[in-house]
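Contents: one structure, followed by commentary.
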Amino acid sequence: MKVKNVFLYVLIGLSSFVNAQGDPMRGPLNQPSNGVIDGVVLNEELPVGVAKPYEFVRSSDYVFSKRVYSRIDAREKINQSIFLPFDSFDGEEGETSSYNPANAKDVDNTSWSRDQSNWSLWTVILRHILLGDLTVYQVASDNYPDVEDGYNLRYPVVKNPNYNGNDYFLNSAYKKTISNIISANGRGEDLKFAMLSDPEDTIIVTKTNQTLSAFIDSAIIANPDYISIQAIDQEKLASWWEAANEGSIVKKDYKMMYAASNSIFAYNVKEDWYFDKELSVFEKRIICIAPVGRYTYDPSATTTERGDLLVYNKLGKAYRFDNGFEEYTEQWEEREMFWLYFPELRNVIVNYFVYNDKNDSDRMSYDDLFLLRYYSGQIYKSSNRYDQEVQDYRHGVDALYEAEKFKDKMRNWEHDVWNF
């Protein structure tokens with residue numbers, strides 16, 4: 001019986017190993033290519049575990065709680081392990097990146113330049129969104145875009161179970177929605193005819209009820225001075241024509257550039273601070289987390305609807321897409337990009353490690369970092385009857401004092417529990 005059990009375990013182990021060979025690697029490796037080891041020891045045992053479950057809390061022992069919202073700011077030194085090192089996508093300054101993975105195995109292609117030993121939290125999150133391991137929750141519903149209550153996790157980008165997590169590469173509707181969230185998108189360049197006498201004098205191509213070839217022929221016959229656009233790849237030209245609606249301007253494929261880690265300036269965290277009567281401990285548990293990016297801002301706008309996501313190059317210059325790729329030097333505002341359910345995120349970040357400035361061989365995982373609260377978070381909101389943020393009634397230094405006042409109140413409550 002024991003021999004059979006051992007044989008069964010071996011089969012299970014071998015099948016798991018074989019399946020793992022086809023999956024993209026979990027984390028940074030120190031073996032860039034065959035026969036090359038970047039270091040003294042080859043990291044063969046990559047972690048592929050899941051996060052340790054939280055301690056179960058009975059409702060009868062859940063005797064006190066407060067909901068708290070905090071901001072983890074990249075400018076604070078203790079938080080730099082979360083935001084560094086920066087990654088980047090290949091492409092010249094002011095141009096779109098060449099990074100455009102075709103499938104899950106192509107996610108780690110060399111156009112995405114990342115550190116070899118450790119990654120920022122955003123690098124990990126972006127990678128596993130593309131791989132389908134994380135559920136993305138939008139910040140607002142499509143019907144009420146001005147009401148941003150994504151922290152309630154009410155607006156998930158729904159996946160199709162038939163795609164087995166490969167929605168980003170197989171589900172065009174899902175990819176379009178996710179790309180609008182994690183990247184800067186342009187409308188694509190307009191197709192045009194140009195005058196022979198003056199190439200700057202152009203007309204925009206608008207789709208009619210004719211076929212593409214018939215439209216081009218009729219346009220050239222009616223305007224013999226125009227240069228033909230037939231020099232463009234015919235297959236691509238046909239696909240742009242088919243994608244356009246009747247009467248709309250025909251455009252090339254939209255441009256897209258993923259937000260790199262230097263485009264993330266903070267993480268907003270929603271958590272519960274509670275007292276467990278059975279264990280007699282005051283605990284803090286993260287519910288969800290949101291990366292914060294910068295968006296274009298128009299102070300004269302009459303609505304609170306957000307602008308375009310800005311992306312930053314290696315030199316820290318901000319760029320936006322409109323009908324091209326241009327540097328942005330006007331006003332911006334910081335907003336949450338999307339929300340992630342933290343218990344789901346834990347199963348990803350438990351396999352990635354944070355830089356240790358004391359010893360490169362002894363690192364803790366991102367999951368440990370959050371469980372041990374090895375970061376600094378500034379409270380910007382706590383549960384209240386008016387659902388107000390601190391900045392709604394306190395400003396500047398007073399807002400910092402208000403956040404500290406809340407922490408003191410929680411410490412005093414915990415202290416008073418033991419005052420018999």
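Only the coordinates and a few stated rules stand behind these numbers; no lab work does. This is a predicted model, so every value here is computed, not measured. Using ideal geometry, Cβ is built from the backbone for each residue, glycine included, and neighbour counts are taken over all protein chains shown.
Projecting the Cα atoms of 206, 216, 245 onto the charge dipole of region 192-253 (Cβ charges, centred on the Cα centre) puts 245 farthest toward the positive pole. Taking other Cβ atoms within 10 Å as a rough exposure proxy, 319, 163 sort from fewest to most as 163, 319.
Find, to one decimal place in angstroms, the Kirkwood hydrodynamic radius of region 156-197, where the mean of 1/r is taken over every pair of different Cα atoms and then inverted. Final number for the Kirkwood radius of region 156-197 is 12.8 Å. Magnitude of the charge dipole for region 134-187, about its Cα centre and with charges confined to Cβ atoms of Lys, Arg (+1) and Asp, Glu (-1), is about 280 debye.
Residue by residue, region 200-210 carries 3J(HN,Hα) couplings of 6, 8, 10, 10, 7, 7, 10, 5, 10, 7, 8 Hz when phi is fed to the Karplus relation 6.51 cos²θ - 1.76 cosθ + 1.60 (θ = phi - 60°); x denotes Gly or Pro.
For the residue pairs 236/314; 175/381; 52/381; 52/284, alpha carbon separations beyond 26 Å are given by 236/314; 175/381; 52/381. The rule of thumb for compact globular proteins, 2.2 N^0.38 Å, goes into the C-alpha radius of gyration of region 81-236 1.43 times.
As a rough footprinting exposure proxy, the listed residues 147, 311, 36 were ranked by other beta carbons within 10 Å of their own, and the order from fewest upward is 36, 147, 311. Taking region 271-294 and a reference point 7 angstrom along Cα→Cβ of residue 373, the backbone N atoms nearer than 14 Å belong to 271-276, 281-287. Compactness ratio for region 336-420: Cα radius of gyration over 2.2 N^0.38 Å (N = residue count) comes to 1.47. The mean sequence distance of close C-alpha pairs (under 8 Å, at least 6 residues apart), as a share of the length of region 48-202, puts its relative contact order at 13 percent. Take the Cβ atoms of residue 227 and residue 249, set R0 to 30 Å, and the FRET efficiency comes out at 0.95. You can think of it this way: the chain between residue 210 and residue 179 has 8.0 nm of extra reach, that is 0.36 nm per residue less the Cα-Cα gap. From least to most packed, judged by other beta carbons within 10 angstrom and beginning with the fewest, 57, 205 follow the order 57, 205.
Distance between the C-alpha centres of region 207-259 and region 349-420: 55 Å, rounded to the whole angstrom.
Proximity of backbone amide H atoms, modeled 1.01 Å from N, is registered between residue 155 and 138 at under 5 Å, excluding neighbours fewer than 5 places apart on the same chain. Computed from the Cβ-Cβ distance with R0 of 41 Å, the FRET efficiency linking residue 202 to residue 298 stands at 0.90.
Rounded to the nearest 20, the size of the Cβ-charge dipole of region 192-253 about its Cα centre is 160 debye, with Lys and Arg at +1 and Asp and Glu at -1. Counting only the Cα atoms, region 192-253 fills a convex hull of 80 Å³ per residue.
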